[in-house]
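Below is one structure; the comments refer to it alone.
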Amino acid sequence: YQRRVHGTLSECLFFFAMPSYDRAITVFSPDGHLFQVEYAMEAVKKGSAAVAVRGADTVVLAVERKAASKLQDTHTVKKICKLDDHVYLAFAGLTADARVLVNKARIEAQSYRLNFEDRCPVDTLTRFIAHTQQRYTQSGGMRPFGVSTLIGGFDPDGRPQLYHTDPTGVYSSWKANATGRNSNTVREFLEKHHQAEMDGPAATRLAVRALLEVVDSGSKNVEVLVLRAGEAAFLEEGALAALVTQIEAEKEEEDQRRKAAK
């Protein structure tokens, strides 16, 4: 019994003496990893998929909506958030973290209007969001935001912009991108089918079709926002259902042609 207790105590002392690099956010592991940041990236990968496509005069944000209970008010669950009249954000990851980040971005957008009497440029607001995410990876007593964002909007000159940020605080501009569950699959689809200077309907169609690569149940679990200069509107359920039906029919025809070619 004494040997067993002694052995257990030794194992415990050895365990606590080991450097636990994943417990402290500000400590690098010997091979250069920040494990808490990597864990935040894993949280993003488990989140609902989100897709964004930038067209010639349009930015389309499409997200996967998880099935809700019959008693739940679906209007209270939002994966696409308004930051300002000309900027919207879609996210993948922890919804509560996204709510905090969105509120900070909204305050920054209104502060910019108050100070400069003009709309906050999309890249300026994106830099603020990315800086906030990065700051939470470098300070003690905090943890990273488990959120990755797709930010779409229009500059004062009317040009559409699309940006992506991740929990590390890195941001970059994109023509089309995806984040969340199976994002690599969706991104590969976008790379194959994206065309330069697409109009609004083509960009909307591409975003929906890319999202359907990883989303089941058709239009019931999809939400789409079409953003134009001075206008933003969610795609109505009837129009979305008709578009999904058309896309699924085209996919079936393609599958039949492939089988016939074999």
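Please find, within region 10-25, the residue that is nearest to the chain's Cα centre (by Cα) out of those that are of a type in the set (A, V, I, L, M) and at pLDDT below 50. Restricting to residues being of a type in the set (A, V, I, L, M) and at pLDDT below 50, the top hit is M18.
Counting just the residues of region 26-64 that are of a type in the set (D, E) and closer than 15 Å to S183 by Cα, which one comes out modelled with the lowest pLDDT? Steps first, answer last, please.
So in region 26-64, the residues of a type in the set (D, E) come out as 31, 38, 42, 57, 64.
Of the ones still in play, those that are also closer than 15 Å to S183 by Cα are 42, 64.
On the way: E42: 96, E64: 93.
The selected residue is E64.
Residues in region 212-229 that are at pLDDT 90 or above, out of contact with any strand residue (DSSP E or B) (no Cβ under 7 Å at 6 or more places or on another chain) and open to solvent by 40 Å² or more (accessible area, probe 1.4 Å): E213, R228.
Could you please give the count of residues in region 33-51 that are touching a strand residue (DSSP E or B) at 6+ places or on another chain (Cβ under 9 Å), in a loop (DSSP other than H, G, I, E, B) and surrounded by fewer than 18 Cβ atoms within 10 Å (Cβ to Cβ)? Working first, answer last.
Here is the first cut: in region 33-51, the ones touching a strand residue (DSSP E or B) at 6+ places or on another chain (Cβ under 9 Å) are 40-41, 43-51.
Narrowing further to those that are in a loop (DSSP other than H, G, I, E, B): 46-49.
Pick out the ones that are also surrounded by fewer than 18 Cβ atoms within 10 Å (Cβ to Cβ) and you get 46.
Result for region 33-51: 1.
Considering only region 170-199, state which residues are open to solvent by 90 Å² or more (accessible area, probe 1.4 Å) and farther than 22 Å from K79 by Cα. Of everything in region 170-199, those that are open to solvent by 90 Å² or more (accessible area, probe 1.4 Å) and farther than 22 Å from K79 by Cα turn out to be E188, E191, K192, Q195, E197.
Do the conditions hold for P167, that is, is it at pLDDT 95 or above, touching a Lys or Arg at 6+ places or on another chain (Cβ under 7 Å), surrounded by 19 or more Cβ atoms within 10 Å (Cβ to Cβ) and more than 16 Å from A49 (Cβ to Cβ)? Considered against the rule, which asks whether it is at pLDDT 95 or above, touching a Lys or Arg at 6+ places or on another chain (Cβ under 7 Å), surrounded by 19 or more Cβ atoms within 10 Å (Cβ to Cβ) and more than 16 Å from A49 (Cβ to Cβ), P167 comes out as no.
The values are calculated or read from the model by the stated rules, or taken from the named source; none is laboratory data. This structure is a prediction, so every number in the text was calculated from the model and none was measured. Cβ atoms come from the backbone with ideal geometry, glycine included; neighbour counts cover every protein chain shown. SASA here: full protein model, heavy atoms, side chains in, ligands and nucleic acids out. Shrake-Rupley method; radii C 1.70, N 1.55, O 1.52, S 1.80 Å.
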